[in-house]
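Visitor: Below is the structure I would like to discuss, written out as structure tokens.
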Amino acid sequence: MLVALTVTVSVAALALAAWCGFAAYRDQPTKDWHFIGMAVVTVLALVQLVVGIVQLARGEEPAESSVIFVSYLIGAFTAVPAAGFLSLSERTRWGSVTVSASAVLLAVLEVRLYDIWGG
């Protein structure tokens with residue numbers, strides 16, 4: 001697994017969490033700019049998913065099970081988009097809280113992915 005990519009996804013996720021958390025603090029729902037931020041984080045997670053699968057296909061092995069590794073990759077990829085869809089249905093500050101929580105979850109999943117790969 002590429003450490004630089006894992007750190008990039010984590011930092012972007014934490015920045016999104018802070019941004020949406022600040023919007024929730026100001027009692028605002030998610031706005032269009034937040035969705036652009038979610039798209040950026042999701043694209044980074046997609047790149048990580050593709051890189052992880054390519055590394056597995058090339059014969060590299062994680063320290064733990066490959067099934068667990070792929071499951072975490074898929075979970076990391078779907079965390080922020082799922083919260084984005086939930087925030088569309090909750091057009092209050094709690095939509096922003098949901099996105100912020102999922103971005104923190106993504107950062108935690110990144111740490112776990114690093115551990116699973118053998119970091």
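Visitor: Of Phe85, Phe77, Phe69, which is the most mobile in a GNM of the chain whose springs link Cα atoms less than 10 angstrom apart?
Guide: Phe85
Visitor: Largest first and in whole Å, what are the equivalent-ellipsoid semi-axes of the range 77-119 based on the Cα gyration tensor, each being the root of 5 times an eigenvalue?
Guide: Each semi-axis is √(5λ); the values are 26, 9, 4 Å.
Visitor: Still on this structure: First measure r as the distance between the Cβ atoms of Thr92 and Val43, then evaluate 1/(1 + (r/R0)^6) with R0 = 22 Å and state the FRET efficiency to the nearest 0.05. Please report the intermediate quantities before stating the final value.
Guide: On the way: r = 27 Å, r/R0 = 1.23.
FRET efficiency, Thr92 to Val43: 0.20.
Visitor: Starting from the residue with the highest accessible area, list Trp117, Trp94 in decreasing order, probe 1.4 Å.
Guide: Working: Trp117 45, Trp94 150 Å².
Greatest to least solvent exposure: Trp94, Trp117.
Visitor: Averaged per residue, what accessible surface does the chain expose to a 1.4 Å probe, in Å²?
Guide: Accessible area per residue: 52 Å².
Visitor: Carbon and sulfur: what percent of the chain's accessible surface (1.4 Å probe)?
Guide: 71 percent
Visitor: Which residues does the label zone of Phe35 cover in the range 67-93, counting backbone N under 16 Å from a point 7 Å along Cα→Cβ?
Guide: Under cut-off, by backbone N: 80-92.
The values are calculated or read from the model by the stated rules, or taken from the named source; none is laboratory data. This one's a predicted model, so the numbers in the text were calculated from it and none came from an experiment. We place every Cβ from the backbone using ideal geometry, glycine too, and count neighbours over all the protein chains shown. These accessible areas exclude ligands, DNA and RNA; they are computed on the full protein's heavy atoms, side chains included. Shrake-Rupley method; radii C 1.70, N 1.55, O 1.52, S 1.80 Å.
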